Each structure stands twice: as structure tokens, then as C-alpha cells.
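Report on the following structure.
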Amino acid sequence: MASSLEPMTELETRRVFAHPIQARGPDGPWDAVGEAVSRHGSALVHARMDDWLPKDLADPALPDQLGPDYLRFRRMRHPTVRARFVASRLMLKHTAGAVVGEPAHSLELSYKLGGRPYLRGFEQLDISLSHTADLLVVGLTRRGWIGVDAELSDRQMVGLGTESQMCTRHEQEELERIAEEHRNSALVRLWTLKEAYSKAIGQGMRFRFTEFGFGPQDRQAREVRLPDGSPGTGKEWAFHTCVLQQRYTVSIALYDAGFGETGDGVHALRVEDELLAELIGGTAERFAE
Amino acid sequence: MTTETSTDCPVTLRLQDVLLAVTGMTPELLFGDSAEEFAPELDEDLQLADDLGFDSVMLMELKFLLEQHFPELGELSLPEILPSLHTVGSLTDCLKRRLSPVEAV
């Protein structure tokens with residue numbers, strides 16, 4: 001269960017974001033995920049990698065379960081990366097399947113230019129995936145765009161030249177005012193917010209992190225800020241950061257395109273494959289998760 | 001943390017130092033052999049994400065260390081070099097390409 005870094009005390013935050021839901025395996029709880037999407041239009045689902053990792057990575061069912069991703073999986077050499085890749089795809093497919101009312105194995109995961117994942121045929125359900133260490137996180141929305149990012153809360157970021165590479169001038173000035181013992185966690189929070197936002201807009205790391213920012217000392221990120229600290233986005237964007245499983249900082253960025261919270265049912269999420277193929281193309285890059 | 005900055009070192013040796021520092025791997029794990037001195041040639045097919053376990057924070061660290069180990073290149077832009085951060089080979093090519101005009105001056 002989540003313990004919020006930024007408790008959802010504000011009405012607007014509680015309206016936009018459902019409480020994170022932990023999925024302990026293929027059994028869900030999917031009713032809770034469905035209810036979150038029905039009520040809020042979005043859901044944030046997290047899991048432990050071990051809960052989704054097949055006992056045998058040579059299981060003959062795996063090629064069908066992974067679909068086109070199986071080829072990439074077979075080429076991977078790093079054992080932890082292989083395990084996380086399988087677990088995250090299975091979790092994502094089961095979670096999305098529960099929302100669109102289809103069996104997980106029937107869903108095809110594809111990638112947009114830049115590596116952003118999407119469900120072929122269900123493009124109006126926007127999805128985002130993040131994983132780090134033992135944590136898997138999936139964000140889903142039918143309101144517009146969603147981006148999620150997770151990092152270990154104590155991941156070392158100070159001392160890697162981080163501030164100058166990822167912070168705006170305004171953020172660097174604000175960080176200087178934060179006590180040294182809290183600066184690393186503030187950087188981790190900023191990093192996850194920036195990653196979540198850049199994933200939501202489909203840019204990933206192609207977007208210079210020094211060109212947009214957040215308030216390092218804000219209790220609740222309300223908007224993207226320009227390098228001088230002035231507001232850069234409006235009410236259509238919402239952000240939230242929380243701590244999951246006691247040791248992970250997770251941020252979510254949500255763009256409300258006005259598609260509505262309750263949607264028009266499962267079939268409204270379908271997009272014809274031919275239309276989709278014309279709209280989207282390109283190869284996946286590897287760092288968009 | 002290694003801070004080798006000698007511009008006389010071949011590109012691959014300097015890149016090895018960077019990759020070892022970012023991934024935290026031992027040379028044996030990274031290069032697949034426990035010989036006394038690991039191979040001078042990197043496996044160019046190694047993929048940064050899928051084989052070496054790079055994530056986005058490590059990419060930022062990689063950029064930082066590349067700037068330290070290849071000071072003649074000046075400040076690098078992550079968005080600009082991102083297309084080359086696919087395999088060890090594509091990164092090596094990128095560095096050699098960028099170093100050529102520098103060395104020619």
C-alpha cells in the first residue's frame with residue numbers, strides 16, 4: 001500500500017488521481033483497477049517484480065505471452081534486465097487487459113517512435129511503464145496522456161553532475177536552499193517528475209531536462225515551470241509524487257485532453273489497425289521506460 | 001570514481017573506464033573473460049540497455065563521465081548523442097566521429 005510523499009489532501013488531487021493499487025500477480029485485484037479507471041479515468045498500478053516473474057524463463061508459453069517483445073527478450077544478455085523485462089510486460093498486459101476487458105495474451109504491445117509503449121488497437125487507452133530494482137509501475141488513462149517514473153528514493157544523484165545536467169537555473173537556486181541531507185531526495189523527486197512529464201509528451205530523454213522544471217520545494221507539483229521558474233503549463237496537466245513499497249519515489253504526470261473520466265466503454269477504445277499504422281511508425285528506443 | 005582524462009589514450013580504453021564506472025561491473029563481467037588484462041577491444045554489439053543494464057539515470061552519469069574522460073569534446077548534449085547510445089559500437093563511432101574534427105585542428 002502506498003504511503004504518500006505528498007498526501008492527497010487537496011480535493012483536486014483526489015479527484016484526478018486514484019490511490020495506487022498493488023497487483024500481486026495475475027489475479028489482480030483487477031476490480032479495483034477497473035473502478036479506479038471508471039471513477040478517475042486513470043489508474044496507477046504497482047507490483048513487485050518477483051510477483052510477476054515466471055518460475056522458468058524458458059517456459060514454452062513465454063513467446064505467446066510476450067508476442068513481438070519475445071525477440072528482444074531473447075537477445076538480452078543482462079539477467080536482471082531480462083527478468084524485469086518479462087515481469088513488466090506480463091504485468092502491463094494483465095493490467096491493461098483488465099481495463100479493456102480482453103485476455104492479457106490477446107493484447108499486442110507496440111512502441112511509438114521514441115519507445116513509448118501502446119496497445120495496438122486500443123490507442124485511446126494511454127499507458128506508461130516504469131521499473132527499477134524490484135518495482136514495476138504501470139500508469140493507464142483514457143483522459144489523454146500519462147507518464148510514470150519510479151526510482152529508489154535513496155538512489156545516489158548528488159555528486160554525479162546531476163544538478164547542472166537536469167535542473168533549470170531556478171531549480172538549482174531552490175536546491176541550494178534545501179538542507180544537504182534532504183537534497184538527494186529532492187533531486188530524485190525532481191528527476192521522476194521530469195521523466196514522467198517527458199514520457200507523457202512522448203519525448204523521453206530527447207527533451208532537455210534543463211529546459212523545463214518543477215518547484216523543488218513545492219509540496220505538490222502543480223505545473224511545469226520554465227527555466228526562470230514561471231509557469232509553463234496550465235490546468236490541463238496534473239502531477240503527483242508518492243512513495244511506494246516504502247522505498248520507491250514514484251511520480252505521475254497526467255494530461256487531460258478532455259476525453260472524459262468515464263469513457264464510452266471498452267469498444268470506444270478500439271482503433272482500427274490500418275488507421276493506427278498510418279498514424280504511428282518508427283522503431284523503439286530503449287530508454288523510454 | 002576514475003577520472004582519467006588523458007587525451008592520448010585510445011578511444012576504446014577511455015570508453016572502457018567510463019562503462020566500468022557507470023555500470024559498476026567488473027571487467028570480467030563486462031568483457032566476458034578473466035584474463036589478466038581484459039581485452040583492449042570492446043564488444044561492439046553490447047547494447048547499453050539490454051546487455052549492460054543502463055537506465056536513464058545511468059545515461060546522465062554516462063554523459064557526465066564522457067565529458068570528464070573526453071575533455072576535448074567539451075560539453076555534450078544528451079538529446080544530441082542519444083541516437084548513438086544504443087550499442088557500444090554506435091557510441092564508439094559517435095566518439096570517434098566527434099573527436100576527428102577536434103584532432104584535425
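The values are calculated or read from the model by the stated rules, or taken from the named source; none is laboratory data. These numbers come from a predicted model, not from an experiment. Cβ coordinates were reconstructed from backbone atoms using ideal geometry, including for glycine residues, and neighbour counts include every protein chain displayed.
Applying the criterion of being in contact (Cβ under 8 Å) with a residue 40 or more places away in the chain and within 10 Å of another protein chain (Cβ to nearest Cβ) to the residues of segment B:65-81, the residue that is nearest to A:Asp149 (Cα to Cα) is B:Leu65.
Of all the criteria given as (1) among the basic types (Lys, Arg); (2) under 23 Å from A:Pro117 (Cβ atoms); (3) surrounded by fewer than 17 Cβ atoms within 10 Å (Cβ to Cβ), the one not satisfied by A:Lys235 is (2). Examine segment A:77-87 for a residue that is away from chain B (no Cβ under 14 Å), surrounded by 14 or more Cβ atoms within 10 Å (Cβ to Cβ) and of a type outside the set (Asp, Glu), and state whether such a residue exists. Looking for residues that are away from chain B (no Cβ under 14 Å), surrounded by 14 or more Cβ atoms within 10 Å (Cβ to Cβ) and of a type outside the set (Asp, Glu), one finds at least one in segment A:77-87, hence yes. Only residues that are in a loop (DSSP other than H, G, I, E, B), in contact with a strand residue (DSSP E or B) (Cβ under 8 Å, 6 or more places away or on another chain), closer than 30 Å to B:Leu76 by Cα and more than 14 Å from every other protein chain (Cβ to nearest Cβ) were counted in segment A:203-225, giving 5. When A:Thr249 is evaluated against the numbered criteria (1) more than 28 Å from A:Ala18 (Cβ to Cβ); (2) among the β-branched types (Val, Ile, Thr); (3) touching an Asp or Glu at 6+ places or on another chain (Cβ under 6 Å), which criterion, by number, is the only one it fails? For A:Thr249, the exception is condition (1). Of all the listed residues (A:Phe85, A:Phe17), the sole one being under 17 Å from A:Leu254 (Cα atoms) and not charged (D, E, K, R) is A:Phe17.
Checking each residue in segment B:84-105 for being outside any loop (DSSP other than H, G, I, E, B), modelled with pLDDT of 90 or more and of a type outside the set (A, V, I, L, M, F, W, C) picks out B:Ser84, B:Thr87, B:Gly89, B:Ser90, B:Thr92, B:Asp93, B:Lys96, B:Arg97, B:Arg98. Screening segment B:55-64 for residues that are within 7 Å of another protein chain (Cβ to nearest Cβ) and in contact (Cβ under 8 Å) with a residue 24 or more places away in the chain and picking the one that is farthest from A:Leu71 (Cα to Cα) gives B:Glu61. Residues being closer than 24 Å to A:Glu35 by Cβ and not in a loop (DSSP other than H, G, I, E, B) are represented in segment A:65-88 by at least one member.
Looking across segment A:131-168, the residues that are of a type in the set (D, E, K, R) and either at pLDDT 90 or above or closer than 28 Å to A:Ala43 by Cα (or both) come down to A:Asp134, A:Arg142, A:Arg143, A:Asp149, A:Glu151, A:Asp154, A:Arg155. Taking into account only those residues within segment A:100-146 that are buried (at least 18 other Cβ atoms within 10 Å of the Cβ), over 16 Å from the mean Cα position of the chain (by Cα) and among the aliphatic types (A, V, I, L, M), which is nearest to A:Phe17 (Cα to Cα)? Selected residue: A:Val100.
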